[in-house]
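Student: First, the structure itself, so that you have it in front of you.
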Amino acid sequence: MKAVTIKSGNRIALDDVPMPKLSKEDEAIVRVTTAAICGSDLHAKHGLIPGIQPGTIIGHEFVGIVEEVGSNVTKYKPGNRVNAPPAFWCGTCPPCKRGDISYCHNGGWYGGGEIFGRGFQGAQASYIRVPYADNCLVNVPDNVPDEQAVLVGDVFQTGYHAAYEGHIQVGDTVVIFGCGPIGLGALISTMMFGPKQVLSVDIRDNRLAIAEKYGATAIDARKENVLGRVKDATSGEGADVVIEAIGIPETFLQAMRSVRRNGTVSIVGIFPTAVEFSIQEFCFYGVRISMGLGYVGRTSKLLGLLEFGKVDLSPLVTHIFPLNDALKAYELFENHQDQCVKVLLKP
C-alpha cells in the first residue's frame, strides 16, 4: 500500500509499505478514506519530535471503514465508518483509571515518537492498525462528511481542550494566538462558553478572515501592537483567558503579557524549541498556566455537535489531494501556499 513516511535528512516520501496486520485481539484494521496533515507532522519531518525513526508512517488524523477486528473487539465490526483521536489508550493503567487517558502507560500516538509514548504507524496511508479499538474508535454519524469528521479527533478536540482548560466564564474576554486549524478549533470552542469578546491574533489575512466569520475580532500582528489592542479592549486590565495555539516562544511571552493578573493562559501549541521564561517577571501575576497534551476522550460528544448542526468546520478545509499527491500537498501546507489552512489526503 501507499503511505507517507519519514526519511532521514528532514525529508518525507510516498512509499510502498506492507499492509498492516492484527497483532493482538483488541485491535482493528481500518481502511483510511480521509486523512489530514497537521503542523506537528512538519515538526516530525524536520526532526523536532524525538524518537521518530526513518520509515515511520506519519499522520494522526483519519476517518475510515473498519476492515477487520480482533476477537476481543465487541463494539465495532467490518463496514463501520469510524473516527479516532490521535492517541490510543489501554483503559486499565493508573493514568487511565484517573481519567488521564492522554498519558496512558501503554498508549501512544499514531506516527509519533518517544515523546508521545509508544508510537504506532500513522494514518497517512491506505490502511491503519488501531490498538485498543473498543476504547479508541468512534462511529461517525451518517450525515457528517469525512471532510468535517476528520477534524474532530485533533483540531476540534484540541481546540476544545484549550478553551475548557482556560476555565472561560460567561462574559470573559479571551485572546487566541493563532488562527491555524487548532486556533480556529479553539475559537469555535470558546464561543460555546459565552465570552463577551474574543480577539484572534495571526499574520495571515485569510486565516484572520475565517476567525472573523466565527465571531472574533481579528488582530493582524504584522500591522498592530497586539498588547496595546488587548489593553484597549479590556480597559487596561488584560484578558481573562489567553490561548496559545501556535507554539513559538514569542507568542507564549505575548500571551503571558496579555493576560490579566490571576487570569489563565491555556497552551496547546507544540513547541519545537526551548522557551526562556522570565519567572521573576511573572511570579507576581498570579497567572494560572495550563499546558500538555489535549484530552482525547471527547470525540463522540464533539461529533454529536456536527451531527445536529451545532458546529460547522467546513471553512477550515481549503485543499484536498489524493494520497498519491501527498508530497505536493506537504509543499503547499508547509509554505502556506494558495491561502491554505487545512489540507486533507484521500487514499
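The values are calculated or read from the model by the stated rules, or taken from the named source; none is laboratory data. Everything numeric here is computed off the predicted structure, so don't read it as measured data. Note: ideal-geometry Cβ built from the backbone for every residue, glycine included; neighbour counts use all protein chains shown.
Student: For residues that are touching a strand residue (DSSP E or B) at 6+ places or on another chain (Cβ under 9 Å) and in a helix (DSSP H, G or I), scanning just segment 211-239, find the one that is nearest to Val175 (Cα to Cα).
Tutor: Val230
Student: If you check Ala13, Ala44, Ala84, Ala28, which single one turns out to be among the hydrophobic types (A, V, I, L, M, F, W, C), more than 17 Å from Asn139 (Cβ to Cβ) and buried (at least 16 other Cβ atoms within 10 Å of the Cβ)?
Tutor: Ala44
Student: Which condition does Asp154 not pass, out of (1) surrounded by 23 or more Cβ atoms within 10 Å (Cβ to Cβ); (2) farther than 26 Å from Phe282 by Cα; (3) in contact with a helix residue (DSSP H, G or I) (Cβ under 6 Å, 6 or more places away or on another chain), if it passes all the others?
Tutor: (3)
Student: Additional query: Would you call Ala274 closer than 29 Å to Pro50 by Cα and surrounded by 20 or more Cβ atoms within 10 Å (Cβ to Cβ)?
Tutor: So Ala274 fails the test.
Student: Can you spot a residue in segment 64-76 that is in contact with a Leu (Cβ under 9 Å, 6 or more places away or on another chain), buried (at least 17 other Cβ atoms within 10 Å of the Cβ) and more than 30 Å from Gly304 (Cα to Cα)?
Tutor: Within segment 64-76, not a single residue is in contact with a Leu (Cβ under 9 Å, 6 or more places away or on another chain), buried (at least 17 other Cβ atoms within 10 Å of the Cβ) and more than 30 Å from Gly304 (Cα to Cα).
Student: Still on this structure, please answer the following. Filter segment 289-309 for residues that are part of a strand (DSSP E or B) and of a type in the set (S, T, N, Q) and give the result.
Tutor: The answer is Ser290, and nothing else.
Student: Can we say Gly263 is at pLDDT 95 or above and small (Gly, Ala, Ser)?
Tutor: yes
Student: Next question, about the same structure. Quick one: in segment 310-329, of everything that is under 17 Å from the mean Cα position of the chain (by Cα) and in a helix (DSSP H, G or I), which residue is surrounded by the most Cβ atoms within 10 Å (Cβ to Cβ)?
Tutor: Among them, the one singled out is Leu316.
Student: Another one. Please find, within segment 330-343, the residue that is surrounded by the most Cβ atoms within 10 Å (Cβ to Cβ) out of those that are assigned to a helix (DSSP H, G or I) and of a type in the set (D, E, K, R).
Tutor: Pass one, segment 330-343, residues assigned to a helix (DSSP H, G or I): 330-334, 337-339.
Narrowing further to those that are of a type in the set (D, E, K, R): 331, 334, 338.
Numbers: Glu331: 11, Glu334: 17, Asp338: 11.
For segment 330-343, the residue satisfying everything is Glu334.
Student: Moving on. Condition first: aromatic (Phe, Trp, Tyr), under 19 Å from Ile188 (Cβ atoms) and free of Cβ contacts under 8 Å to residues at least 24 places away in the same chain. Now tell me which residues in segment 283-328 satisfy that.
Tutor: Phe308
Student: In this structure, is Val242 crowded, with 22+ Cβ neighbours inside 10 Å, assigned to a loop (DSSP other than H, G, I, E, B) and in contact (Cβ under 8 Å) with a residue 60 or more places away in the chain?
Tutor: No.
Student: Now a separate question. Conditions first: (1) part of a strand (DSSP E or B); (2) over 11 Å from Arg129 (Cβ atoms). Val30 passes all but one, so which condition is the exception?
Tutor: For Val30, the exception is condition (2).
Student: Further question on the same structure: Select from segment 294-347 the residues that are closer than 28 Å to Cys90 by Cβ, among the hydroxyl-bearing types (Ser, Thr, Tyr) and either touching a helix residue (DSSP H, G or I) at 6+ places or on another chain (Cβ under 7 Å) or at pLDDT below 95 (or both) and list them in ascending order.
Tutor: Result: Tyr295, Thr299.
Student: Considering only residues of segment 320-340 that are among the aliphatic types (A, V, I, L, M) and in contact with an Asp or Glu (Cβ under 9 Å, 6 or more places away or on another chain), which is farthest from Arg11 (Cα to Cα)?
Tutor: My answer is Ile320.
Student: Here is a further query. Applying the selection to segment 207-219, what residues are free of Cβ contacts under 8 Å to residues at least 24 places away in the same chain and under 21 Å from Met256 (Cβ atoms)?
Tutor: Passing the criteria: Thr217, Ile219.
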